[in-house]
Amino acid sequence: MTELRAQLSEWQAAAERVLPRWWTKALAGVLVLIGVALPFITGSQSGFLNGTIVAIAYAVMALGLNVVVGMAGLLDLGYVAFYAFGAYCAGWFGSGFFFGLHVHVGVAPTLSHAIGIHLNIVLILLAAVVICAVAGVIIGLPTLRLRGDYIAIVTLAFGEIIGVLAVNGQSIHVGGGMTLTAGNLGISAIDQPWFPGVGSFSLLDLRPWYWLIFAILLIVLFVNVRVRDSRLGRAWVALREDEVAAVSMGIPLVKTKLMAYAIGAAFGGMSGAFIGAYNTQVNAGQFQFGFSVFIVAMVVVGGIGSIWGALAGGLLLGYINNYLIPDVLNDLPSRFGLHFQLSSVSFGIFGFLLVLVMVVRPQGLFPERRRTLEMTGEVAALDAELGAEPEAGNAI
Amino acid sequence: MRHPLRARLANVGHVNTTTITPSPPVMAARPVAAALAAARQYVGRWGLIVALLALPVYYGINDLVSGYQAAVVAGHPVIHHDLSKLGFNFAEGLSDGAIWALIAIGYTLVYGIIELINFAHGDVFMIGSFTAVGMWSVLGLSLTTSMLGVIGGLIVALIISMLTTGTLNVLIEKVAYKPLRSAPKVAPLITAIGCSFILQNVGLLWRGGSQQSVNDLLGSQDVVFTVAGVPILRGYLLAWAVTIPLVFGLSWFISRTRPGKAMRATAQDPEAARLMGINVNSTISLTFLLGGMLAGAAGLVYAVYETQVWYFQGFRAGLFAFTAAVMGGIGNVRGAVLGGLIIGVIQSLSDERIGPQWTEAIVFAYLIAIMVLRPKGLLGEETREAG
């Protein structure tokens, strides 16, 4: 294994000698171009393009959660709350749901006299970012004194409370006969995004949707990389590694942790607002704990703390969930004479993946270097140490 | 019999003794800060207790002052001004709470010994319910079986489901937690969530995706006797009859037997325990076995008492029981029982008076309140995680 690794790094060094210094930038540029050109290959209506759009939206969420879980080391099991806030932003500010109001900013001419609040998709995304950042700080506040799995439980509780609020929001009145949410009926007929010069998006042509979420992905990736390499990113790592040492070195604990929650939540909200608009409805039933775990699984499978891991994990599980399981492998059990569809046990499959990755390769598929050392270096050393311990003969 | 299973470091070798002690308030220099610190201490001591008393006291006063509708006779509502409705809430809550207490003990034992929230525990409880219900049909229990036959059959089903869930819990520990004992703590937590989802989907394939009614073997809603206007149902008696002996038996086991002593020693300091010749691995397995067996017993009681089972019941039960364990002080068996009973009463009050659709939110709000006000719980000591 070490020989293989040495060989690989030798090859990498050789390749870097040959290539000019700007080759990473060139590679990134080529990848972006391929990304932009993708819908011309797949066609404007294919199930694959649909799967790709949703997978990218999930990858954006995974990137957001990676800030909280990976970089800052705060295990957040209530991430679905930000999905909910984001999706409800799309519902509240882009449909006729608040029928007592007439607000129109930058929407298609056909909507300019419709009832309700109708904002341009860019404004909706910004609103989702702001609302989710505030919600992230509120959820983060009670966890500041806690650590480890207690944080996980408090965030989980918050996520569940938000889910219950969404389902029961029909009975919460906000005045004028309007309610907070439409519960399990769902807020439906959310506006299609509209841009001047482009016109309204439509579900008959998925390409504009793809380019919109691709642009969001690029922005989120850029922010992620810049934040990781900033003073704030280093503060997160320091807090994650040793809180007491970091605080005594002068890192502001409250501000740093809350920034992690706010930034992670903002990305989740962006993606949630996009998914809300893309589905053209927001249904309270979709905000379940299982979704939080789904996003955690993306981060874990990709490699906790690694931006490229979160991106890869998000795309991978997004494709598995939205393309591979429902479209390709769904009748697999029936071929073995079993009477169920694979999509009904998709969460079991993700659970299995979580266990498998954690036991076999805890650093994930595309690990960050520092995390690899943490997850495997110590484990290997300890295994060697504990291996000397006799298993039998020391009964109670 | 004071045996708080105080947890120390699970990850042997990865020693990271970062205990944050609250800095002593600087009295003379900053009187405002000192006052704030004193206020915070006061809130920490009494806040949770006040929050817990708020619901029953409010509804008790409400019942006494404005009364409640007890029945409708000839089209006219009969208004009572007494506490028997509150008493009914308490009786129901204490029997629901007995089930949560059994599950909560499993959380608290495991957390005490390896500092892991065993997320799969609620789903182990669900598998216990399913096993028990499966055993009824194997044993041929139905509504026409005689009372003696039902009781005998239930005892057999109880033993089998306890053995099943105990074994299952040990298996989960071997496969998913043991390889990660020295990894960072987030790793076993994530595998625990993974196991929880796997078990849920096993349940989904086993009995389908919707709530399933099962035979009401005992007539769990039949009133046995009435105490001060509060009807005591058969289901309540069953919950207490199973829970009380099990809790006392477990207490005895932990405080009096050699394996119990080994459990306490491992909880306090696994490394020192190993140096003293205790087999830490088998002690941890034993802990999982006991926790799983209690969850299996709770599963049977739940199936008989609620007369319906569902693959998703374990999720809610698990979170309620975890809240109970934290409320009582995690790592503390008596605390888990107390917490379970309190959660049961909160649930029953909320179900009846606020609306069952809000119950989850209210219990979770209490969970957050505990974390903010008193992370060590009612009977617990400071833990490294929560302190």
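Since every read-out is calculated from the coordinates, none of them should be taken as a lab result. Just so you know, these numbers come straight off a predicted model, no measurement behind them. Cβ coordinates were reconstructed from backbone atoms using ideal geometry, including for glycine residues, and neighbour counts include every protein chain displayed.
Computed values, structure above
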{"quantity": "Counting DSSP beta bridges with both ends in segment A:68-287, the antiparallel % (nearest 5)", "calculated": "70"}
{"quantity": "Whole-angstrom gap from segment B:31-56 to segment A:1-57, using each part's C-alpha centre", "calculated": "56"}
{"quantity": "Most mobile of B:287, B:266, B:167 in a GNM of chain B (Cα contacts under 10 Å)", "calculated": "B:167"}
{"quantity": "Equivalent ellipsoid semi-axes, the protein assembly as shown, via Cα gyration tensor eigenvalues times 5, rooted, Å", "calculated": "43, 35, 28"}
{"quantity": "Nonlocal amide H pairs with residue A:104, under 5 Å, H built at 1.01 Å", "calculated": "A:118"}
{"quantity": "Net charge, residue A:264 excluded, C-beta distance under 13 Å - Lys, Arg +1, Asp, Glu -1", "calculated": "+1"}
{"quantity": "Distance cut-off 31 Å, percentage of C-alpha pairs in segment A:68-287 lying past it", "calculated": "27"}
{"quantity": "Computed over segment A:68-287: relative contact order in percent, which uses C-alpha pairs under 8 Å that are six or more apart", "calculated": "38"}
{"quantity": "Coil-residue chymotrypsin sites (Phe, Trp or Tyr not before Pro) of segment A:1-80, DSSP, other Cβ within 10 Å capped at 16", "calculated": "A:22"}
{"quantity": "Chain B - percent relative contact order, Cα under 8 Å, separation 6 or more", "calculated": "32"}
{"quantity": "In Hz, Karplus ³J(HN,Hα) per residue of segment A:267-277 (6.51, -1.76, 1.60; θ = phi - 60°; x = Gly, Pro)", "calculated": "5, x, x, 4, 5, x, 5, 4, 4, x, 5"}
{"quantity": "Within a Gaussian network of chain A (alpha carbon springs, distance under 10 Å), most fluctuating of A:315, A:119, A:342", "calculated": "A:342"}
{"quantity": "Gaussian network model of chain B, Cα within-10 Å springs - most flexible of B:193, B:99, B:172", "calculated": "B:193"}
{"quantity": "Overall dimensions of chain B by Cα: Rg and Dmax, Å", "calculated": "22.3, 78"}
{"quantity": "Chymotrypsin sites (Phe, Trp or Tyr not before Pro) within segment A:280-346: DSSP coil, no more than 16 neighbouring Cβ in 10 Å", "calculated": "A:336, A:340"}
{"quantity": "Longest segment of chain B lacking GluC sites (Glu not before Pro) that sit in a DSSP loop with at most 16 other Cβ atoms within 10 Å", "calculated": "B:1-380"}
{"quantity": "Separation in nanometres of the label points that stand 7 Å from Cα toward Cβ, at residue A:34 and residue A:21", "calculated": "2.6"}
{"quantity": "Shape of segment B:294-372, Cα gyration tensor, a/c cut at 1.5", "calculated": "oblate"}
{"quantity": "Residue A:245/residue B:144 FRET efficiency (R0 56 Å; Cβ-Cβ; nearest 0.05)", "calculated": "0.20"}
{"quantity": "Per-residue [θ]222 nm for the protein assembly as shown (sum of -39500 (n - 2.57) over DSSP H runs n ≥ 4, rounded to 500)", "calculated": "-21000 deg cm²/dmol"}
{"quantity": "Computed magnitude of the charge dipole of segment A:68-287 (debye, nearest 20; Cβ of K, R +1, Cβ of D, E -1)", "calculated": "420"}
{"quantity": "In order through segment B:167-176: 3J(HN,Hα) via Karplus (6.51 cos²θ - 1.76 cosθ + 1.60), integer Hz, x for Gly, Pro", "calculated": "4, 4, 4, 5, 4, 4, 4, 5, 7, 9"}
{"quantity": "Leading residue at positive end of dipole, chain A (Cβ point charges), from A:280, A:223, A:344", "calculated": "A:223"}
{"quantity": "Sequence-separation-based contact order of chain A, relative, with Cα cut under 8 Å and 6+ spacing, percent", "calculated": "26"}
{"quantity": "Antiparallel content of DSSP bridges confined to chain A, in %, to 5", "calculated": "70"}
